[in-house]
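Before any comments, here is the structure.
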Amino acid sequence: MYSEVFLDHFKNPRNVGELGPPAVTVDIENPACGDILRLAALFDGDRVVEVRYKVRGCTASIASGSALTEWMQGKTRAELAALKPDVIDAAVGGLIPESKHAAVLCVDAVKRLLSIIAAAR
C-alpha cells in the first residue's frame, strides 16, 4: 500500500522540531481532515538554510512533512513558489488517493510562508 520511502519518512521523520526567530513559522490546517502542519524556515538572503516541521495528523501528513523539509533545504523563494503537490507525492514514493491531501497541506504551508515573507518586505 505505501512505498518503502513513505514508510521511512513516517518511521524516521526528518527535521522535526521548531525554529526560533528570525525563522518564519506558519501553521496550516486542513479543515476537511483536521491535520495541522507547523512549518518553520530560516532564510539566508533568498535561500532556505534550515527548516523544521511538526504535524498533528495522519501517517501521510507526517511522511509528507518530512519529505517537504528535505526538499526545501537550499531552495530559493522562487523554487518554493513553484512547488506543486506532485513534487511531495513523488518525494514519498507516491500517495494513495485518500492521502493526496497531505501533499496539498504541504504546498499550502509553503504558500503561507511565502506570503508572510512578502508582507514583511
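Just so it is clear, none of the values below were taken in a lab; they were calculated from the coordinates. Fair warning: this is a prediction, and the values are worked out from it, not measured in the lab. Don't worry about glycine lacking a Cβ; one is built from the backbone with ideal geometry, like all the others, and counts go over all protein chains shown.
Structural remarks
- Charged neighbours of P21, selected by a Cβ distance under 15 Å, balance to -1 (K, R count +1; D, E count -1).
- Trypsin sites (Lys or Arg not before Pro) within segment 11-101, DSSP loop, no more than 14 other Cβ atoms inside 10 Å: none
- Computed E for L7/C33 - FRET, C-beta separation, R0 25 angstrom, nearest 0.05: 0.80
- Structure-derived Cα extents along the principal axes in Å: which label, when the choices are [x] 40, 31, 22; [y] 44, 27, 25; [z] 74, 37, 25: [y]
- Formal net charge of residues neighbouring N12 (Cβ-Cβ distance under 14 Å; K, R +1; D, E -1): -1
- For the chain, averaging the sequence separation of C-alpha pairs within contact (under 8 Å, six or more residues apart) and dividing by the residue count gives a relative contact order of 30 percent.
- Computed [θ] at 222 nm, helices only, for the chain once each DSSP H run of length n ≥ 4 contributes -39500 (n - 2.57): -13500 deg cm²/dmol
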